[in-house]
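Inspection log for the structure reproduced underneath, given as structure tokens.
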Amino acid sequence: MKFLKLFLLSLILLSCQPEEPEIAADKIIFNAIIYTLDDNQPTVEAIAIKADTFLYVGSREGANAFKGSVTEELDLQGKTVVPGLIEGHAHIMGVGYNLVNLDLMETKSYQEVVDMVVERAKSTPEGTWILGRGWHQDKWTEQPELTNGFPTHDLLSEAVPNHPVYLKHASGHAALANAKAMEIAGVNADTPQPDGGEIFKRLDNQPTGIFNETAQGIIGKAIPKETRESDSQALRLALQECFKNGITGFHTAGEDQERIDLFKSFAEKNELKLRLYVMLTGRDEKLLDDYFSNGIEHNLYNGQLSVRSVKLYVDGALGSRGAWLLEEYSDAPGVHGHNTMPMDEMEEITARAYKAGFQVCSHAIGDRANREVLDVYERTFKLYPESAPKEPRFRIEHAQHFHPEDIPRFAELGVIPAMQAIHMSSDRPWAIDRLGKERIEWGAYMWQDLLQSGTRIVNGTDAPVEPINPFASFYASVSRRTLKGTPEGGYEPNQKMTREQALRSYTLDAAYGAFQEDMKGSIEVGKWADLTILDRDIMTIPEDDILNTQVAMTVIGGEVVYEAE
């Protein structure tokens with residue numbers, strides 16, 4: 001009798017068990033503020049994920065219909081969920097190497113830079129290279145004596161005479177070398193100037209230690225490969241840094257075959273995870289020949305890797321007065337900046353890329369550089385209509401300063417500006433010295449004018465030029481203030497983005513800039529389950545609180561790749 005009662009009880013319990021759904025979710029996420037970037041349902045209560053895609057997006061009750069016996073339920077306790085954030089222009093290996101080498105981004109004086117090098121030298125064998133990046137003389141609070149607007153090597157060479165030292169400027173467009181590094185590279189008063197760059201020299205023709213634009217390669221070639229940390233270590237560090245900052249996709253600018261092979265080796269072992277969109281370097285003719293012959297590589301390894309664009313370099317940076325301007329610099333009479341590659345070569349590569357179905361992404365900062373690039377793009381589209389991809393989606397990287405007549409041309413030509421809002425925050429206090437009040441007000445960092453003309457903006461940080469933190473760039477987008485909160489009301493406030501525009505520039509519009517808007521950039525059924533989960537609601541919190549935002553969790557393809565302690 002006892003056994004019969006137990007048997008009947010077990011039958012009753014089994015009959016009370018809910019039926020397994022036809023398709024059971026792997027994860028259900030609920031109790032959160034969820035912004036989808038889907039116009040049909042901008043906010044929802046819950047998300048169901050199956051494998052690497054969104055199975056359901058909507059109400060909590062609707063999500064529960066996909067709850068099975070092995071479904072993991074994630075109660076986010078009121079946190080905020082946005083589509084996985086996409087870094088729209090940066091340098092993945094630079095992010096990693098910045099964590100290996102000296103990070104000079106926060107230095108406030110030349111002496112502080114030298115002190116950091118001296119400290120590193122204490123634990124580095126003599127004769128071994130010391131590398132670093134991130135210094136910016138216009139951000140120093142204590143100014144040394146400058147030559148041509150830059151420090152000289154003397155203080156550094158005196159403090160560290162027995163180690164070759166090479167320190168890249170924050171912009172990546174200039175670098176400082178000490179006397180030992182120049183000695184090893186064979187640089188002296190007789191060294192000729194390279195095309196597209198400059199070795200800064202004194203009146204007696206001796207080098208000051210500053211190498212601008214392509215001149216950096218003179219020192220770079222002298223650095224032995226074996227003195228650098230392995231690329232694999234740097235990539236692993238970069239991936240960790242991305243996940244910690246909520247980055248699920250990354251447009252990496254200017255990579256060679258060696259780096260692409262590294263990315264593929266990680267992706268083959270499912271160790272990349274980050275959705276990497278690669279721009280080929282335009283400085284490697286063989287690389288371009290190979291890819292233009294073989295075609296694009298899109299969404300390989302379950303969407304971990306795409307190679308379908310080319311990075312060209314048309315001018316330099318504003319800080320080093322290398323940005324190519326229509327009129328002379330306000331603080332350097334007679335100086336207009338310059339192009340860093342011949343424009344006929346740029347046009348030839350653009351045409352070949354267009355015919356091969358590759359997107360062209362051209363670095364252009366000054367107003368003349370932007371005009372020249374737009375002119376080349378326009379001629380290319382007209383000259384080769386038979387080769388036209390459905391949407392070429394050519395881009396201009398940085399796109400910082402325009403003549404007003406060129407602003408509407410972006411939308412007219414379908415050209416995408418990839419603009420890093422954090423550059424405005426960092427550079428605007430001194431950029432007015434370079435450009436003057438009038439050019440700043442009607443042609444610099446013109447986000448709202450571009451958006452109102454009908455174009456999309458791809459946002460980002462240009463890391464390691466700036467820290468990869470997306471919330472600094474989001475804050476700059478909506479406030480147009482420095483990270484110190486100045487000025488009140490922001491610089492040129494009529495160009496501020498709304499918070500929705502800023503979020504789109506980091507998600508859906510960034511995905512569009514990589515031909516991936518059908519697979520990511522918003523939280524919709526069938527798209528990749530990429531999410532960034534935050535500790536506060538960046539769409540409603542006070543503006544000053546945005547910079548305090550922390551990432552609680554990063555999800556790529558349904559897999560949690562980072563969770564805050």
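Could you give the accessible area per residue of the chain, probe 1.4 Å, as a whole number in Å²? Before the final figure, lay out each step's value.
Values: 23230 Å² over 565 residues.
Per-residue accessible area for the chain comes out at 41 Å².
Here the contact order of the range 463-502, divided by its residue count and restricted to Cα pairs under 8 Å and six or more residues apart, works out to 35 percent.
Out of all DSSP beta bridges in the chain, what portion is antiparallel? Express it as a percent rounded to 5. Don't skip to the answer; put the middle values down first.
Numbers: 40 of 83 bridges.
Just about 50 percent of them are antiparallel.
Taking packing as the residue-averaged number of other Cβ atoms within 10 angstrom, the listed peptides 325-335, 210-220 run from highest to lowest as 210-220, 325-335.
For Val70, the solvent-accessible surface with a 1.4 Å probe is about 120 Å², rounded to the nearest 10. Note on surface exposure: Phe394, Phe30 rank Phe30, Phe394 by accessible area, highest first, 1.4 Å probe. Put a dot 7 Å past the Cα of Asp204, heading toward its Cβ, do the same for Asp344, and the two dots end up 4.2 nm apart.
Looking at the range 230-336, send over the antiparallel percent of its DSSP beta bridges, to the nearest 5. Each step should come with its number before you reach the end.
Working: 3 of 15 bridges.
In the range 230-336, DSSP labels about 20 percent of beta bridges as antiparallel.
To the nearest 10, the accessible area of Trp528 is 20 Å² with a 1.4 Å probe. Based on C-alpha pairs under 8 angstrom that are at least 6 apart in sequence, the chain has a relative contact order of 16 percent.
The heavy atoms of Met341 present about 20 square angstrom of accessible area, all protein chains included, probe 1.4 Å.
Hey, what number do you get for the chain at 222 nm if only DSSP H runs of n ≥ 4 count, each worth -39500 (n - 2.57), divided across all residues, to the nearest 500? Could you put the intermediate results ahead of the total?
Working: 19 runs with 190 residues, N = 565.
After summing the helix terms and dividing by residue count, I get -10000 deg cm²/dmol.
In the chain, the portion of solvent-accessible area held by carbon and sulfur atoms comes to 49 percent [1.4 Å probe, whole percent, DNA, RNA and ligands not counted].
Report the calculated FRET efficiency for Glu112 and Ala65 (r = Cβ-Cβ distance, R0 = 41 Å), to the nearest 0.05. Don't skip to the answer; put the middle values down first.
Details: r = 59 Å, r/R0 = 1.45.
Efficiency, rounded to the nearest 0.05: 0.10.
Placing pseudo-labels 7 Å out from each Cα toward the beta carbon at Asp52 and Glu297 gives an inter-label distance of 1.5 nm.
Computed from the C-beta positions of Glu145 and Glu22, the FRET efficiency with R₀ = 60 Å rounds to 0.20. Compared with the alpha-carbon gap, the fully stretched path from Val335 to Glu438 is longer by 35.3 nm at 0.36 nm per residue.
Pairs exceeding a 29 Å alpha-carbon distance, out of Lys139/Lys520; Lys244/Lys496; Lys225/Lys311; Lys139/Lys264; Lys27/Lys520; Lys79/Lys269: Lys139/Lys520; Lys139/Lys264; Lys79/Lys269.
If the chain linking Lys390 and Asp518 were pulled fully straight, counting 0.36 nm for each residue of separation and taking away their Cα-Cα distance, it would gain 44.5 nm.
The values are calculated or read from the model by the stated rules, or taken from the named source; none is laboratory data. If you're wondering where the values come from, they're calculated on a predicted model, not measured in any experiment. Please note: Cβ atoms are built from the backbone with ideal geometry, for glycine as well, and neighbour counts cover all protein chains shown. For accessibility, only protein heavy atoms count, side chains too; no ligands or nucleic acids. Shrake-Rupley method; radii C 1.70, N 1.55, O 1.52, S 1.80 Å.
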